[in-house]
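Quick notes on the structure that follows.
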Amino acid sequence: MRTIAFGCSGTIPISVNNGPLVIATNLTLDGNGQQVTLDGGGMQVLSVNSGVSFTLNALAIAHGWADSGGGLLNYGTVNISNSTFANNGAPGGGGLYNYGTVSISNSIVANNGASVVGGGLVNIGTVSISNSIVANNSG
């Protein structure tokens, strides 16, 4: 599995021309020791392909918007730890929309919205959540 470790803090905008970030190979994004936000600026932030393992550690996912999963649309296997999904939106699954497997630990899913269902999370697959806060989402 490849790892991208962030060496500085800051906000990384996901622009219409470059996003969403499609995860098509096994990958870890690690913001440990930094304060990094992936900012969708009104478009989907992350999309994980089927058959792919993806780990998200110590990052914030914010301001994403899509038809499904403004912050994250998952068809693979995702492990989220020490991360925040906030202020994302979609008709379904404002923060996360899961068709695969998601494990969330020591994280926050808050202030996300959906116009139809699942402000914080829509789960069609398998999800486990531990030591995390899911609050103030609307759908």
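Quick look at the values:
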| read-out | value |
| --- | --- |
| Selected residue (criterion: surrounded by the most Cβ atoms within 10 Å (Cβ to Cβ)) from residues of segment 13-68 that are assigned to a strand (DSSP E or B) and touching a Phe, Trp or Tyr at 6+ places or on another chain (Cβ under 6 Å) | I61 |
| Pairs with Cβ under 6 Å, 6+ apart, first in segment 11-36 and at pLDDT 95 or above, second assigned to a loop (DSSP other than H, G, I, E, B) and among the aromatic types (F, W, Y) | G31/F6; Q34/F6; V36/F6 |
| Only one of G93, G125, G119 that is surrounded by fewer than 17 Cβ atoms within 10 Å (Cβ to Cβ), over 24 Å from A5 (Cα atoms) and not acidic (D, E) | G125 |
| Of all residues in segment 61-73 being over 8 Å from the mean Cα position of the chain (by Cα) and free of Cβ contacts under 8 Å to residues at least 40 places away in the same chain, the one that is nearest to V116 (Cα to Cα) | D67 |
| Top-ranked residue of segment 98-118 - restricted to ones that are outside any strand (DSSP E or B) and under 13 Å from the mean Cα position of the chain (by Cα), ranked as farthest from Q44 (Cα to Cα) | S107 |
| All positions within segment 74-86 that are under 11 Å from the mean Cα position of the chain (by Cα) and more than 23 Å from A24 (Cβ to Cβ) | T84, A86 |
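The values are calculated or read from the model by the stated rules, or taken from the named source; none is laboratory data. Bear in mind that the values here come from a model prediction, so they are computed numbers and not experimental data. For neighbour counting, all protein chains shown are included, and Cβ atoms are generated from backbone atoms with ideal geometry for every residue, glycine included.
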